[in-house]
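The values are calculated or read from the model by the stated rules, or taken from the named source; none is laboratory data. None of the values given here were measured: they were computed from a predicted structure. FYI the Cβ positions are ideal-geometry reconstructions off the backbone, even for glycines, and counts take in every protein chain you see. Accessible surface areas use protein heavy atoms only, side chains included; no ligands, DNA or RNA. Shrake-Rupley method; radii C 1.70, N 1.55, O 1.52, S 1.80 Å.
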Amino acid sequence: MKYADVVKAMLLASIHELAANPQNYALHPGKDFSRNRKLGFKHLLLMLLTMEADCIKEELYRFFGRSTDAPSKAAFYKQRKKIKNDAFRSLLVSFTQKCKKKLFKGKYSLVACDGSAADIFRNPDDPDTFFEPNEKSTRGFNQIHINAFFSVLDKKFTDLFIQPSRKRNEYSAFCQMVDRSEADTPVIYLCDRGYASYNAFAHVIENGQFFLIRCTDAKTEKNSGGFL
């Protein structure tokens, strides 16, 4: 079996695992995704993962084989609103846990952490993500900040934490990802200066893990307070 087929099989297996208990990922458990619909929980996940850059109507036609009874755009929007954001993180964790691990010296997982900004759809009414017009954007723009864990030896993302850009806090995001980690092997976290704080160090140590974080004396002193 080709490697691509193996990866696809693992992804589909993870989707089936989540789809077996859709109430765990629904905004209204016991109500949402409780009826048998053509665009149910499993198909919704598959469609969101395979969508390209076309309009929703074209994406629906493509996914359902250009059938005349393909779900409408309204149906898609309605179903999408029912799903929790945590469902996608749960899918990521389930999938990565199925992948074979590569360990440093046969013992440690090397996990790098970094953040990156990403523009999203324009919405001036969202003060947490909207930036006023400036030299680079005449209309203004909306942006989120993505903090991610990346397994260096495995070359795979293992966790992420998304924040509105105007409320971004890399220290808080790092600490929360460390606390919720389900790693079954010792981890060495590798970070740049953006994540250097005594608070971050404490969270790693309290979880019995290790860190190598680049920092300066001035930066560490500045961010030594405010433990979570």
Once neighbouring chains are kept in place and the probe is 1.4 Å, which whole percent of the accessible area of the range 156-197 is contributed by carbon and sulfur?
50
Full extension between residue 193 and residue 89 adds, at 0.36 nm per residue less the Cα distance, a length in nm of 34.9 nm
Out-of-range pairs (alpha-carbon distance over 29 Å; input 136/156; 31/98; 73/155; 42/156)
136/156; 31/98; 73/155
What do you get for the angle between helix 41-50 and the principal long axis of the chain? Use alpha-carbon atoms, 0 to 90 degrees, nearest ten.
70
Checking the cross-link filter: which aspartates and glutamates have an alpha carbon closer than 12 Å to that of residue 81, excluding same-chain neighbours under 8 positions apart?
32
Trypsin sites (Lys or Arg not before Pro) lying in DSSP loop within the range 161-214, provided at most 16 other Cβ fall within 10 Å:
180, 214
Cα pair distances exceeding 33 angstrom across the chain, given as percent
30
Dipole of the chain, positive direction: furthest Cα of 164, 91, 109, with charges on the beta-carbon:
91
So the carbon and sulfur contribution to the accessible area of the range 69-138, 1.4 Å probe, in percent, is 51
Exposure ranking of 51, 177, 1 by accessible area [1.4 Å probe, largest first]
1, 51, 177
Using the beta-carbon distance between residue 214 and residue 162 and R0 = 25 Å, what value does 1/(1 + (r/R0)^6) give for FRET efficiency, to the nearest 0.05?
0.60
Given a Förster distance of 35 Å, report the FRET efficiency between residue 16 and residue 138 from their Cβ-Cβ distance, rounded to the nearest 0.05.
0.15
By the Cα gyration tensor axes a ≥ b ≥ c (a/c under 1.5 gives rounded; else a/b larger than b/c gives prolate, otherwise oblate), the shape of the range 1-69 is oblate
Give me the dipole magnitude in Debye, nearest 20, for the chain about the Cα centre, with unit charges on the beta carbon: positive for Lys and Arg, negative for Asp and Glu.
800
Scattering curve values for the range 161-210, log₁₀ I(q)/I(0), Debye with Cα scatterers, q = 0.13, 0.25, 0.28, 0.29 Å⁻¹
-0.30, -0.99, -1.17, -1.23
Computed over the chain, protein heavy atoms only, probe 1.4 angstrom, the accessible area per residue in square angstrom equals 62
